[in-house]
1. Can we say Arg125 is in contact with a His (Cβ under 6 Å, 6 or more places away or on another chain) and of a type outside the set (Asp, Glu)?
2. Do we find a residue being surrounded by fewer than 17 Cβ atoms within 10 Å (Cβ to Cβ) and at pLDDT below 95 anywhere in region 201-208?
3. All but one of (1) surrounded by fewer than 22 Cβ atoms within 10 Å (Cβ to Cβ); (2) under 17 Å from the mean Cα position of the chain (by Cα); (3) among the acidic types (Asp, Glu) hold for Glu118; state the number of the condition that does not hold.
4. For the list (1) more than 29 Å from Asn52 (Cα to Cα); (2) surrounded by fewer than 19 Cβ atoms within 10 Å (Cβ to Cβ); (3) at pLDDT 95 or above, I need the number of the one condition that Leu148 fails.
5. Pull up region 65-101, narrow it to residues that are hydroxyl-bearing (Ser, Thr, Tyr) and not in a helix (DSSP H, G or I), then point me to the one that is surrounded by the most Cβ atoms within 10 Å (Cβ to Cβ).
6. Residue under question is Arg156, and the condition is that it be out of contact with any His (no Cβ under 7 Å at 6 or more places or on another chain) and either closer than 17 Å to Ala47 by Cα or of a type in the set (Lys, Arg) (or both); does it hold?
7. Of a type in the set (Phe, Trp, Tyr), surrounded by fewer than 20 Cβ atoms within 10 Å (Cβ to Cβ) and at pLDDT below 95 - does that describe any residue in region 176-190?
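The values are calculated or read from the model by the stated rules, or taken from the named source; none is laboratory data. Just so it is clear, the structure is predicted and the values come from calculations on it, not from any experiment. Using ideal geometry, Cβ is built from the backbone for each residue, glycine included, and neighbour counts are taken over all protein chains shown.
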Amino acid sequence: MTTPSDEDERGPGSDPVAASVDVVLPCLDEAEALPRVLERIPPGWRALVVDNGSTDGSADIARRLGARVVHEARRGFGAACHAGLTAATADIVCFCDCDASLDPADLVPFVRRVLAGEADLVLGRRRPRSFGAWPAHARAGNLALARLLRRRTGLRLHDLGPLRAARREPLLALGLTDRRSGYPLEMVVRAADEGWRVAEYDVPYLPRTGASKVTGTWRGTWQAVRDMSRVLAEPPMPRTELPALEGAVR
């Protein structure tokens, strides 16, 4: 696992990147946050809003603002993320929450590192900018899972947050199966099993718009931790030959 310097994070790497990039935005009733999130998509990149059964008109708002809308009837964070991944056509796929707690513009240095062949998977380490941005129970659950992940894979990560970037075809080749809260963790575990190089960037984390569907309560956090613990309990997957892509890191 590699960690970039502060100069890497906020220096030239913050400029827009001309690349084939799709940003997957899992969405469930995020009408209030969508305009802010979509206006922050870097120029030339495409937003894929995956509507997971919204009843507040989120899909119509996203479409009106120029995003491609993908419908996923099966409820679950993983189901929405994977629907976006399979619908993507760009060389590089990014993931970002659709609640305005994270800024998709912060993905620019992530993509730059993937394009440069310096990492296979780049993750965002959330840094709260206010007291209420990351509830104590959610932070505690994340910390416990990060420690378990380190024990399982050897990766010294600090966060399992949703902001991330990787090449599309290798991601599909990981064969991710979780369709609930364990999806982000399964991606990292499978990537580690395949020997991917993983990088971590500090990113600002703001209070989300609206109520959280996963970690807004102790019950939701417990369910997410249970889903992720199940992923960690699975035996390592045998390494596979991933598709040979120009510029891919192996």
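1. yes
2. Yes; the residues of region 201-208 include at least one that is surrounded by fewer than 17 Cβ atoms within 10 Å (Cβ to Cβ) and at pLDDT below 95.
3. (2)
4. The single condition Leu148 does not satisfy is (3).
5. Ser101
6. yes
7. Scanning region 176-190, I find no residue that is of a type in the set (Phe, Trp, Tyr), surrounded by fewer than 20 Cβ atoms within 10 Å (Cβ to Cβ) and at pLDDT below 95, so the answer is no.
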